[in-house]
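The values are calculated or read from the model by the stated rules, or taken from the named source; none is laboratory data. None of these values were measured; they are calculated from a predicted model. Cβ placement follows ideal geometry from the backbone for every residue including glycine, while neighbour counts extend to all protein chains displayed. Heads up: the accessible areas ignore ligands, DNA and RNA and are worked out on the full protein's heavy atoms, side chains in. Shrake-Rupley method; radii C 1.70, N 1.55, O 1.52, S 1.80 Å.
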Protein chains: 2
Amino acid sequence: MTDLRKRREGEEKTPDSAESDHIDSEDDKIPGYKKDSIDLSSTIPSGTNKAPGLLDSFLTGLPDKWRNWIVRGVFSIIMITFFLVVIYYGPLMLILTTLAVQVKCFEEIINIGYAVYRIHGLPWFRSLSWYFLLTTNYFFYWESLVEYLGVLINRTVSRKCSLIIKTTNYFFYWESLVEYLGVLINRTDFLRVLVTYHRFISFCLYCGGFVWFVLSLVKKYYMKQFSLFAWTHVALLIVVTQSYLIIKNIFDGMIWFIVPVSMIICNDIMAYVFGFFFGKTPLIKLSPKKTWEGFIGGGISTVIFGFIMSSVMCRYPYFVCPISYNETGGMTIDCEPGALFTPEEYVFPSFLAEPLSLLGISPTVMIYPFALHSLSLSIFSSVIGPFGGFFASGFKRAFKIKDFGDIIPGHGGIMDRFDCQFLMATFVNVYISSFIRNDNPQKLLSQILHLKSDQQVELYQLLKDSLDHRNLLNVDINY
Amino acid sequence: MTDLRKRREGEEKTPDSAESDHIDSEDDKIPGYKKDSIDLSSTIPSGTNKAPGLLDSFLTGLPDKWRNWIVRGVFSIIMITFFLVVIYYGPLMLILTTLAVQVKCFEEIINIGYAVYRIHGLPWFRSLSWYFLLTTNYFFYWESLVEYLGVLINRTVSRKCSLIIKTTNYFFYWESLVEYLGVLINRTDFLRVLVTYHRFISFCLYCGGFVWFVLSLVKKYYMKQFSLFAWTHVALLIVVTQSYLIIKNIFDGMIWFIVPVSMIICNDIMAYVFGFFFGKTPLIKLSPKKTWEGFIGGGISTVIFGFIMSSVMCRYPYFVCPISYNETGGMTIDCEPGALFTPEEYVFPSFLAEPLSLLGISPTVMIYPFALHSLSLSIFSSVIGPFGGFFASGFKRAFKIKDFGDIIPGHGGIMDRFDCQFLMATFVNVYISSFIRNDNPQKLLSQILHLKSDQQVELYQLLKDSLDHRNLLNVDINY
């Protein structure tokens, strides 16, 4: 939805007059308003009106309106191409891209916080923020890594260890560090400690940051320091926890990442198109350029688009299969697609089926169950998703900035493009864990093998009794 | 540690002059300082100098210095008595008290935020904060409840249901609501939905709050609204997540709650005593009344106190046993104390053992392993714990408030007494999960029974193979 506002601005303004203070010009008349907002337009670079040198020289003759459209269009295509290339290179590349996006988003939010409180001598603020970013990342990513490594470590502790370390290092882009740390890390015990005491280590690291913060408090800046401390934590909450969920979704199969991301993109574009051609009724005061027509048109398009896209992607195990580690420690995507990705026959309700059969049309359809689930995703992405955009645009107005950054010419910062994606990722994650139960016997086994031996035997007996009771063991006697 | 500063203030000041602006009086000389802090002393009531009417009339003749000491002392004794009574009434009462403390702490933090931004017409802010409090509580407490209910529900779906509902309702202090909702709730299916889709429901509730927030944005107040939104989330992070951890600790055995809480109290008091008698070297600029002597003396006392207290408490199954649900759905504490709570013989190192045996003293001691673990807890509570207090006192200075509230005469708000407790609770939780593995076969079984039947059989075979391989099944053939 954020597309809508920006493209329209591009139409109406010259690049020079399109600075953010224009947006809120009417506010200046309200007495006392100035106190409630901070003008950061000069501090935070905006990418909406920036074009790289080469492209700029091609476009010099054009009117600014067209120039802006072209820059934006070109970079939209570049981004979508990049996205497709990343998907082509597989899940590992997707995960690394997500991590890079996460770091960049965090940086943008922190930079705004830094500019808001306009203190450049504030002790340790930036280092502290990055330290917390590293700590939370260690906490979250080891947690998810541990699940996968658990089985491997339990099976063959020493033999495969060097391979596991390879994967781990690769996963954590430690590649260059490994040569130096090689001697230290190349021991099973060390990895075991990092896995077993992972939570404890992260908490100690966090406490270190906390003590560091308290020690860095300077009388003059108390309030600003506490505000920035809160700012950092909110940024971590938004960026790190949600990008962790994105990566968890990727592990459940790339389709759980690609479909939702594409839905948000589709909704952005189609809401703009519908708003452009049919837009009349304003939707929300916060973003005066957004219309009900765009909202509804975008929503309907997204539902249709999501259904078609899901039906197509369900055919490819590459998109559908969860990611697992193979014997050599690399990532593989290979499985027999589950019921969710196998077409099922659905019968129309009788009041529809009868007229259809009179017309000679079969009253049944073959649909992938996933395509039906995609309806929930597309409805969420078109009803609640835009509120992520409204939230971000309200945030930008509060601080009188036009964009979060200037990394993508014609678009702004990474956060400008990902504002709705984070909320969507959480929804997908919750949706999977609530409606698509894919508990993994392997994962549970690794948990069981963590128990003491006698508890393992106890559990075995309990399970045996329960299965016996339901006559499940007799069926599989030759298993 | 916060005791230290406050009692000394009490000595030096009359109640009227002891207002918080006095604390930072020297700051006024620093130019530009005023801009960085907000004086809320008139908005946030302070409890340090308040005494209830009856007590006040007894103390009118005394000098203010003594009057303050007595009020503070009396209410310290009242609080400790209350704490002991709660422990006497068992875990359910302890949990309910924690929930009450949580709600009160949240209210205090939110009130300060509300006062900081001094907007009383801000739409929906309070309702929205309470709404988020309810949502996160629903999320966290159902998550922990689900683990315990899982086993029960799987075992006997319909028979015990009414009992489970009784417990659940009791747990969530729905008692009065139950009569009205009785018809609606009194069905297995309804409870099942709340359990199975619990995450999804909480997320939807959260999204509702998020949309509500975006819709409540008013142009004039953008920045304040976003600040308060962040404020609410930080409060949730501090209060709700950590009180959830406290309750999880209680479930592992009340000793995991009582010992850490007492350690913090002991450290507070002893740091004050040592600081009072020996204090010379200032510890930290933030709290000029705290001294190295108090810090070290308090630390050593806490380590000794923690060791003795743990050794005593280990003898009682009431404190040691984890809490479980019995057949009738009530909470029970009954178990054969584990190895952690059974005395073990430790031999002194030889260089100590030899001189001791010459003196006729046995070179071995019987120690509860838990008492050794208590050393880690006491070291944390006396080294890192005080930083929780420093953090809170820096926070109070930033906003020029003396206390978080006035609910406890002589002490201040609930947050003033619990500032160090939250960090400690997280430490205990992480410590238990890292070093005291007490994975529960019952809990894992309930997870297994959530799998599909064929996956259960698959897991059974995997476990059988693994146990066979390690010759664990032959030993227990008559199990």
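Annotations
- Cβ-Cβ FRET estimate between B:Gln455 and A:Gln461, R0 fixed at 25 Å, reported to 0.05: 0.85
- Comparing the full protein assembly with the isolated chain (1.4 Å probe, heavy atoms, ligands and nucleic acids excluded), none of the residues of segment A:392-420 loses as much as 50 square angstrom of accessible area.
- Each copy carries a label point for A:Gly208 at 7 Å from Cα along the beta-carbon vector; from one copy to the others these points are 4.3 nm apart, nearest first.
- Split the accessible area of segment B:245-307 by element, probe 1.4 Å, and carbon with sulfur accounts for 78%.
- For A:Thr291, residues with placed amide H under 5 Å, excluding near neighbours: A:Leu283
- Carbon plus sulfur fraction of accessible area for segment B:317-392, probe 1.4 Å, in percent: 68 percent
- Chain A packed on chain B takes about 8100 Å² of accessible surface away from a 1.4 Å probe, both sides summed.
- For the rotational copy relationship between A and B, the axis lies nearest to a chain A beta carbon, identified with its distance in whole angstrom as A:Ala230, 3.
- Ranked order, B:Arg397, B:Arg417 - accessible area, probe 1.4 Å, largest first: B:Arg417, B:Arg397
- The string of couplings for segment B:387-401 from the Karplus curve (6.51, -1.76, 1.60, θ = phi - 60°) is 5, x, x, 4, 4, 5, 6, x, 4, 5, 5, 4, 9, 6, 10 Hz, one whole number per residue in order, with x for Gly and Pro.
- Couplings 3J(HN,Hα) for segment A:215-223, derived from phi with the Karplus relation 6.51 cos²θ - 1.76 cosθ + 1.60 (θ = phi - 60°), are 5, 7, 5, 10, 2, 5, 10, 2, 5 Hz, where x marks Gly and Pro.
- At 7 Å out from Cα toward Cβ: A:Leu472 inter-copy label distances (nm, ascending): 1.9
- Point-to-point label distance, A:Asn471-B:Ile300, nm (Cα→Cβ direction, 7 Å offset): 7.4 nm
- Members of segment B:217-255 that become less accessible by 20 Å² or more once partner protein chains are added (1.4 angstrom probe, chain alone as reference): B:Leu217, B:Lys219, B:Lys220, B:Tyr222, B:Met223, B:Lys224, B:Phe226, B:Ala230, B:His233, B:Val234, B:Leu237
- Options A:Leu358, A:Phe319, A:Phe305, ranked by Cα towards positive dipole end of segment A:291-382, top entry (Cβ charges): A:Phe305
- Area accessible to solvent at B:Met309, 1.4 Å probe radius, in Å²: 40 Å²
- Point-to-point label distance, A:Thr281-B:Val211, nm (Cα→Cβ direction, 7 Å offset): 1.6 nm
- Solvent-accessible area of B:Glu344 with every protein chain in place, 1.4 Å probe, in Å² to the nearest 10: 80 Å²
- In this simple spin-label model, placing a label point 7 Å from the Cα along the Cα-to-Cβ direction at both A:Thr332 and A:Met93 gives a separation of 2.1 nm.
- For segment A:274-289, residues shielded by at least 10 square angstrom of accessible area compared with the chain on its own, probe 1.4 Å: A:Ile284, A:Leu286
- The other copies place their B:Lys452 label points at 3.7 nm from this one, listed shortest first, where each point is 7 Å from Cα along Cα→Cβ.
- Where N is the number of residues in segment A:229-315, Cα Rg divided by 2.2 N^0.38 Å: 1.38
- Ranking B:Asp465, A:Asp416 from most to least accessible surface, computed with a 1.4 Å probe over the protein chains only, gives B:Asp465, A:Asp416.
- The phi torsions of segment A:464-469, fed into the Karplus equation with coefficients 6.51, -1.76 and 1.60 and a -60° offset, translate into couplings of 4, 4, 5, 5, 4, 4 Hz, rounded to whole numbers, with Gly and Pro shown as x.
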